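S.K.: After the structure tokens below, expect a handful of questions from me.
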Amino acid sequence: MPPVQTAGAVATLLSVAIISYFFCKTVQQKSSSRKKELQKRRNGVVGAIGNTPLIRINSLSEATGCEILGKAEFLNPGGSVKDRVAVKIIEEALQSRALAEGGVVTEGSAGSTAISLATVAPAYGCRCHVVIPDDAALEKAQILEALGATVERVRPVSITHRDHFVNIARRRALEASELTSTTRKENQIDASDSSQINGHLVNEEKQNMIFPSECKGGFFADQFENLANFRSHYEGTGPEIWEQTSGKLDAFIAAAGTGGTVAGVSQFLKDKNSNIKCFLIDPPGSGLYNKVTRGVMYTREEAEGRRLKNPFDTITEGIGINRLTENFKLAKLDGAFRGTDMEAVEMSRYLLKNDGLFIGSSSAMNCVGAVRVAKALGPGHTIVTILCDSGMRHLSKFHNADYLSEHGLTPSANGLEFLGLS
């Protein structure tokens, strides 16, 4: 009897092994097929993202005695550094099946990430729904609508509020997925009974939905916490900077919003050479400067409740935050500097006049930071920063003379005296 039992056990094990083999092979084939499909997409507009030039900013280099280089991310197809993030988020979501072709990618964004998602989503057969604060530059919403995205403008509130634009975007993804599930159930009901479900008219409900009935589910991009953001820079931007400088750079500096750029680039550069100094430049109202330099998000006065009601009283967009994101937590920083709105405005006008660079508010703040680092390190160093986007998305605010005048930010400098340089 024992030999018979052994033979039966062996047969069972062989059967399980064979089934497991074919199952794994099928999964691998499907995974390989998805990767091939994504690779095909890269032959189109997606393939033009990244490998942006690293340009010498002549005026700043000559004024400081350092080589100040800017990664020209505004030359990406979608016009900003966020193109990299959009591609990485969507591709990882498709590979993990969290997103399906025909699905809706939702995001809460002050502009650039949303524009990048709206630019690349169609290349993957997806739609884009964006929730944007209504104080963001009007032209950003106009660009999004022109790109075919659905735009939902909401009033700015704290991230802890359920109606913060990011939280609404998260809900919209769930709604899109629920719609897909409901539609599937409806399709299983006999046509003669499909006019009503649970006492409600199906067609009437569909008309009231934000998403079309053929929607294949929703996916919340979650740029602040999704580490695909970090990976896009650790695997892309960072290596490009290293290669373009032949590894001969002394410092890197950038502002942070989601924290993905400064975290991904700083960690990659530090992994290559721990002697490279990496810094943050932080705009008014943001708590990251205090976190980096003092280990806390707020000063003693702020903690005692004397903070401004609107801590983001700044004209810069897309940078500055008062919480730690999962992306920013991965940053490897040696220090931080503070920048002001006036310095960013003056810097943008100085670069336009002297270098022909027409840049946005975050790019200008990054260049303020680059000069700060140059002054701290002294002549003879190579410093890299990010030129996130161009000034074309900032015409109604940052590059609007009337708007600046209303906020006491009319530029008047002839040179770099606003940063202590002649």
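S.K.: Across segment 143-154, what is the total count of residues that are surrounded by 15 or more Cβ atoms within 10 Å (Cβ to Cβ) and either in a loop (DSSP other than H, G, I, E, B) or touching a helix residue (DSSP H, G or I) at 6+ places or on another chain (Cβ under 6 Å) (or both)?
M.R.: Here the count works out to 6.
S.K.: G259 - would you say it is at pLDDT below 95 and on the phi > 0 side of the Ramachandran plot?
M.R.: no
S.K.: Report whether or not R170 is open to solvent by 60 Å² or more (accessible area, probe 1.4 Å) and part of a loop (DSSP other than H, G, I, E, B).
M.R.: Answer is no for this residue.
S.K.: If you don't mind, another one. Among the residues of segment 313-360, which ones are free of Cβ contacts under 8 Å to residues at least 12 places away in the same chain and part of a loop (DSSP other than H, G, I, E, B)?
M.R.: Residue satisfying the conditions is G356 alone.
S.K.: Of the numbered conditions (1) more than 20 Å from V81 (Cβ to Cβ); (2) in contact with a strand residue (DSSP E or B) (Cβ under 6 Å, 6 or more places away or on another chain), P379 satisfies every one except a single condition; which is it?
M.R.: Here P379 clears every test but (2).
S.K.: Tell me the residue from V371, V384 that is touching a residue at least 60 places away in the same chain (Cβ under 8 Å) and part of a helix (DSSP H, G or I), please.
M.R.: Every option except V371 fails the conditions.
S.K.: Continuing with the same structure: Considering (1) within 19 Å of the chain's Cα centre (by Cα); (2) crowded, with 21+ Cβ neighbours inside 10 Å, say which one I57 fails and leave the rest.
M.R.: Failed condition: (1).
S.K.: Hey, another quick one. Among residues belonging to segment 105-133 that are of a type in the set (S, T, Y) and over 14 Å from F224 (Cα atoms), point out the one that is most open to solvent (accessible area, probe 1.4 Å).
M.R.: T119
S.K.: Kindly check whether there is at least one residue in segment 401-420 that is buried (at least 24 other Cβ atoms within 10 Å of the Cβ) and either touching a Cys at 6+ places or on another chain (Cβ under 6 Å) or in a loop (DSSP other than H, G, I, E, B) (or both).
M.R.: The answer is no, given that none of the residues of segment 401-420 is buried (at least 24 other Cβ atoms within 10 Å of the Cβ) and either touching a Cys at 6+ places or on another chain (Cβ under 6 Å) or in a loop (DSSP other than H, G, I, E, B) (or both).
S.K.: Can you name the residue in segment 224-283 that is of a type in the set (D, E) and open to solvent by less than 30 Å² (accessible area, probe 1.4 Å) and is also farthest from I319 (Cα to Cα) among such residues?
M.R.: The selected residue is E240.
S.K.: Right, something else. Collect the residues in segment 113-142 that are in a helix (DSSP H, G or I), of a type in the set (A, V, I, L, M) and either under 17 Å from the mean Cα position of the chain (by Cα) or on the phi > 0 side of the Ramachandran plot (or both), keeping them in residue-number order.
M.R.: A114, I115, L117, A118, V120, A121, A141
The values are calculated or read from the model by the stated rules, or taken from the named source; none is laboratory data. Nothing here was measured: the structure is a model prediction, and the numbers come from that model. Using ideal geometry, Cβ is built from the backbone for each residue, glycine included, and neighbour counts are taken over all protein chains shown. The area values use the complete protein model at the heavy-atom level, side chains included, leaving out ligands, DNA and RNA. Shrake-Rupley method; radii C 1.70, N 1.55, O 1.52, S 1.80 Å.
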